[in-house]
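Okay, so here's the structure we're looking at.
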Amino acid sequence: PLFVADVTAGGVGRIFGRTVKVDASIDEGEILLANLGQGYKANVNQDISIVTDEHAKKRKVEYVGYAIVDGGVIDEKAFAILTDEV
């Protein structure tokens, strides 16, 4: 089979031996294949920092992560979308 269900690798399964992860930006019935090393460049402007906010009376601690990263596509040929069309 082309798709093998497997939740042990942090996704919903595997296709071509690679983990498939669900993402809200991809429509139902589509799979995005990408060579991110060749097709996408990201710049980290500020590394992630973690801040805590403690609420003593509620006995609750909240953790907030924050980072500044921008990026974009540098080669559209490094991406392909598989669609489930009949």
So the FRET efficiency between F16 and A42, C-beta based with R0 = 30 Å and rounded to 0.05, is 0.80
Long-range amide H partners of V20, meaning residues 5 or more apart or on another chain whose placed amide H is closer than 5 Å, are V12, G13, R14, I15
If N is the residue count of the stretch 3-83, its Cα Rg over 2.2 N^0.38 Å rounds to 1.56
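Dipole of the chain, Cα-centred, from +1 at each Lys and Arg C-beta and -1 at each Asp and Glu C-beta, to the nearest 20 debye?
Details: 9 positive and 14 negative charges, 107 e Å.
It works out to roughly 520 debye.
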Using the Kirkwood radius over Cα pairs of the stretch 39-81, the Stokes-Einstein translational diffusion coefficient at 37 °C and 0.692 mPa s, in µm²/s and rounded to a whole number, is 245
Its Cα gyration tensor gives the stretch 1-44 an equivalent ellipsoid whose semi-axes in whole Å, largest first, are 21, 13, 11
In nanometres, the difference between 0.36 nm per residue of separation and the alpha-carbon distance of H55 and T83 is 5.3 nm
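Coordinate-derived values only; no laboratory data. Computed from a prediction, not measured in an experiment: that's the story for all the values here. Because the Cβ atoms are built from the backbone with ideal geometry, glycine has one as well, and the counts that use them run over all protein chains shown.
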